[in-house]
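S.K.: Structure in structure tokens, see below.
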């Protein structure tokens, strides 16, 4: 098992996502222009109720979202960006190569290609070394808005 760099409690300090939409369980590596996260896929995931009850498969768009949240942790964990939110501005060349099912451990690898007002990165999600999903992504940082109650 890989060392935990950021557990779920720490992840929740940076990401605004919550159940059922928080799709990163831990971060096992953060380096220069790289971050690696883990998503443990269980049958209890809410999306399996409709996708598909008789043959549960993690939707591809949620695999991309898990990659995006991992990239967001790279952006938001630096002190200068804390309290902001990363918003998609593009998803490019997304490919889905393997089904992701309950019991799989999704390894979420992000390579940062450019960091500035816009962050450009490449993400690859794998299960047991086999590529499940890959995509190029771009994000822009925006101030997080508070709920008005």
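S.K.: Compute the helix-to-body angle for 60-76: its Cα long axis versus the longest principal axis of the chain, expressed 0 to 90° and rounded to tens.
M.R.: Approximately 30 degrees, to the nearest 10.
S.K.: Let me ask something additional. For the peptides 82-94, 64-76, 99-111, what is the packing order when you average, over each peptide's residues, the other Cβ atoms within 10 Å and list the highest mean first? Please list the in-between numbers first.
M.R.: Working: 82-94: 13.8, 64-76: 24.2, 99-111: 18.2.
Descending packing order for the listed peptides: 64-76, 99-111, 82-94.
S.K.: Taking Cα pairs under 8 Å and at least six residues apart, what relative contact order does segment 76-149 come out at, in percent?
M.R.: Working: 134 pairs, mean separation 28.3, N = 74.
The normalised contact order for segment 76-149 reaches 38 percent.
S.K.: Rounded to the nearest 0.05, what FRET efficiency do residue 80 and residue 128 give with R0 = 30 Å and r taken as the Cβ-Cβ distance? Could you check?
M.R.: Details: r = 36 Å, r/R0 = 1.22.
Rounded to the nearest 0.05, the efficiency is 0.25.
S.K.: Okay, next question. How far apart, in nm, are two points set 7 Å out from the Cα along the Cα-to-Cβ line at residue 114 and at residue 44?
M.R.: With each label point 7 Å from Cα toward Cβ, the separation is 4.2 nm.
S.K.: Roughly speaking, what is the stretch gain from residue 140 to residue 4, that is 0.36 nm per residue apart minus the C-alpha to C-alpha distance, in nm to one decimal?
M.R.: On the way: separation 136, 0.36 × 136 = 48.96 nm, distance 2.73 nm.
That pair, residue 140 and residue 4, stretches by 46.2 nm at full extension.
S.K.: Can you tell me the relative contact order of segment 20-149? Whole percent, Cα pairs under 8 Å, sequence separation 6 or more. Don't skip to the answer; put the middle values down first.
M.R.: On the way: 261 pairs, mean separation 35.7, N = 130.
Relative contact order for segment 20-149 comes out at 27 percent.
S.K.: What residue among 33, 138, 117 has the largest mean-square fluctuation in a Gaussian network model of the chain, using Cα springs under 10 Å?
M.R.: Of the options given, 117 has the highest mean-square fluctuation.
S.K.: So for segment 8-143, what percent of the C-alpha to C-alpha distances run longer than 24 Å?
M.R.: Details: 2206 of 9180 pairs.
That fraction is 24 percent.
S.K.: Just to confirm my numbers, what's the Cα centroid distance between segment 84-99 and segment 24-46 in Å?
M.R.: With segment 84-99 and segment 24-46 each reduced to a Cα centre, they are spaced 15 Å.
None of the figures in this text is laboratory data; all of them are computed from the coordinates on show. Keep in mind that what you see is a predicted model, and the values were worked out from it rather than measured. No Cβ is skipped: glycine too gets one built from the backbone with ideal geometry, and neighbour counts run over all protein chains shown.
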